[in-house]
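Remarks on the structure that follows.
The values are calculated or read from the model by the stated rules, or taken from the named source; none is laboratory data. Just so it is clear, the model here is predicted, and its values are computed rather than measured. Don't worry about glycine lacking a Cβ; one is built from the backbone with ideal geometry, like all the others, and counts go over all protein chains shown.
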Amino acid sequence: MKTRDYVLVNAQNISDSQTFTKDLKAGLKIQEVRVIYQATNGSTSNTLAKLNGMVSKLEVLDGSDVLHSLSMRQEQARDYFLSGRLPFQQLNSKLGGVVIEEADIYFGRFPGDREFYLDTSRFSNAQLALTHALTISATAGFATGTGYLTVIARLIEEGALPCRGFIMSKQADAYTTLGSGYRTTDLALKNDYQSLMFGALETTIEPDVDVSNYKLTLDDDRFIPFNLSATQILQENIRRLPAVRQRMNFLNDTAVTWLSDIYGRVSGWMGPIGGTAKGGVSTVTAEQLVAYMTTGDTASLFLNVRGYCPHSFLEWVFGDGREVDDFLKVAGLSKAELIGTDAAAGGAYTVVTNQVRS
């Protein structure tokens with residue numbers, strides 16, 4: 001099989017806020033699409049040091065038919081669950097620093113899948129639609145007009161196996177946890193399920209706090225694929241997946257607080273710490289690192305984190321995520337419900353479905 005990387009959009013300047021669209025011509029066999037955003041920090045700093053929370057939708061559409069729709073945070077979490085690593089990030093909080101973040105839209109069961117991919121010849125008007133709203137600020141965001149977008153598609157050029165379909169990823173539910181009670185998400189019964197992603201995102205809160213238990217029930221408990229605490233699912237994810245890392249080039253100061261993207265069982269350290277400064281990480285609370293330095297320093301200094309659960313997501317995979325016969329079959333089912341048990345208020349609870357679309 002022969003593949004090539006095809007640049008659909010090459011470092012194109014974008015508006016501070018817009019939905020950017022790009023037609024996907026017929027006849028493309030797409031394994032994945034790399035979406036790369038870049039922007040320049042404000043004149044004083046960028047305390048956020050990242051931009052993934054400013055990209056609300058990465059979509060593939062065919063007219064009114066939604067083939068794929070996730071936020072950049074959801075996409076990055078899915079990238080981790082599929083590949084065991086986060087896509088490329090260049091995170092920076094310095095004045096005038098450049099932040100670069102990627103998200104890979106995978107259409108296969110795994111990177112490089114030869115049987116499941118997006119064949120645009122099956123659709124009448126396939127199109128990318130990317131929606132962002134950059135925070136413009138001298139201190140907590142980006143300089144206006146400095147956003148750029150690059151999109152690169154990995155194509156099967158020759159020797160593609162017959163297409164068996166693609167994995168369709170969408171947000172299925174979202175709400176704010178209340179601290180007690182249950183949230184029931186009705187799962188659509190048109191396509192089989194490769195996996196489910198779920199979590200409750202809240203700053204400085206671990207992923208097994210706001211929602212304490214997850215239960216998947218089919219046909220009113222006729223069959224229950226899982227009924228586990230969030231901690232047990234987190235433990236299963238840690239057992240199955242490698243730890244992930246991030247690092248951020250921080251604005252030189254004697255006190256630094258940074259919110260990373262990694263929430264589960266995180267450790268953090270400073271390094272390098274510069275030639276004239278002495279410092280370290282004093283506390284780690286979920287994704288938040290608090291660091292200190294004895295003096296200022298002009299060198300490039302970094303905060304590092306290591307842990308699990310990017311953007312506070314957990315995942316449940318049916319089978320090994322590769323063998324289609326082991327996926328959750330919807331044929332013959334009349335009801336499928338994911339039930340989350342609230343345990344604390346304020347979490348942004350989200351459910352993402354990954355289904356086989358033929």
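A compact table of results
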{"item": "Some residue of the stretch 209-223 being of a type outside the set (Phe, Trp, Tyr), under 30 Å from Lys2 (Cα atoms) and in a loop (DSSP other than H, G, I, E, B)", "result": "no"}
{"item": "Test: residue in the stretch 37-58 that is in a loop (DSSP other than H, G, I, E, B) and more than 22 Å from Asn92 (Cβ to Cβ)", "result": "no"}
{"item": "Of all residues making up the stretch 308-350, the number that are part of a strand (DSSP E or B) and either at positive phi or over 20 Å from the mean Cα position of the chain (by Cα) (or both)", "result": "11"}
{"item": "Criterion violated by Phe318 - all others in (1) closer than 25 Å to Ile238 by Cα; (2) free of Cβ contacts under 8 Å to residues at least 60 places away in the same chain satisfied", "result": "(2)"}
{"item": "Hey, Ala291 without any contact (Cβ under 8 Å) to a residue 60 or more places away in the chain and not assigned by TED's automatic domain parsing to the domain that holds Ala103 or not", "result": "yes"}
{"item": "Residue satisfying condition, being among the hydrophobic types (A, V, I, L, M, F, W, C), assigned to a strand (DSSP E or B) and crowded, with 18+ Cβ neighbours inside 10 Å, within set Val266, Val290", "result": "Val266"}
{"item": "Number of positions in the stretch 86-123 that are over 19 Å from Val35 (Cα atoms), surrounded by fewer than 19 Cβ atoms within 10 Å (Cβ to Cβ) and either of a type outside the set (Lys, Arg) or not assigned by TED's automatic domain parsing to the domain that holds His68 (or both)", "result": "5"}
{"item": "Residue match in the stretch 138-145 (condition: more than 19 Å from Asn46 (Cβ to Cβ) and out of contact with any Lys or Arg (no Cβ under 6 Å at 6 or more places or on another chain))", "result": "no"}
{"item": "Every pair of residues 6+ apart whose Cβ atoms lie under 9 Å, when the first sits in the stretch 8-32 and is within 18 Å of Glu158 (Cα to Cα) while the second is assigned to a loop (DSSP other than H, G, I, E, B) and of a type in the set (A, V, I, L, M)", "result": "Lys29/Ala160; Ile30/Leu24"}
{"item": "Which listed residue is touching a residue at least 40 places away in the same chain (Cβ under 8 Å), polar (S, T, N, Q) and out of contact with any strand residue (DSSP E or B) (no Cβ under 6 Å at 6 or more places or on another chain), from Thr298, Thr276", "result": "Thr298"}
{"item": "Filter result for the condition that a residue is at positive phi and more than 12 Å from the chain's Cα centre (by Cα), over Gly112, Gly108, Gly97, Gly42", "result": "Gly112"}
{"item": "Within the stretch 15-36, tally of residues that are over 22 Å from the mean Cα position of the chain (by Cα) and either surrounded by 13 or more Cβ atoms within 10 Å (Cβ to Cβ) or not in a loop (DSSP other than H, G, I, E, B) (or both)", "result": "6"}
{"item": "Lone qualifier among Thr276, Thr298, Thr285 - being surrounded by fewer than 19 Cβ atoms within 10 Å (Cβ to Cβ) and under 30 Å from Phe198 (Cα atoms)", "result": "Thr285"}
{"item": "Ala188 out of contact with any strand residue (DSSP E or B) (no Cβ under 6 Å at 6 or more places or on another chain), aliphatic (A, V, I, L, M) and either outside any strand (DSSP E or B) or at negative phi (or both)", "result": "yes"}
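For every residue, the table says whether it meets (1) over 30 Å from Lys94 (Cα atoms); (2) surrounded by 20 or more Cβ atoms within 10 Å (Cβ to Cβ).
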| site | (1), (2) |
| --- | --- |
| Tyr308 | no, yes |
| Asp326 | yes, no |
| Tyr349 | yes, yes |
| Thr353 | yes, yes |
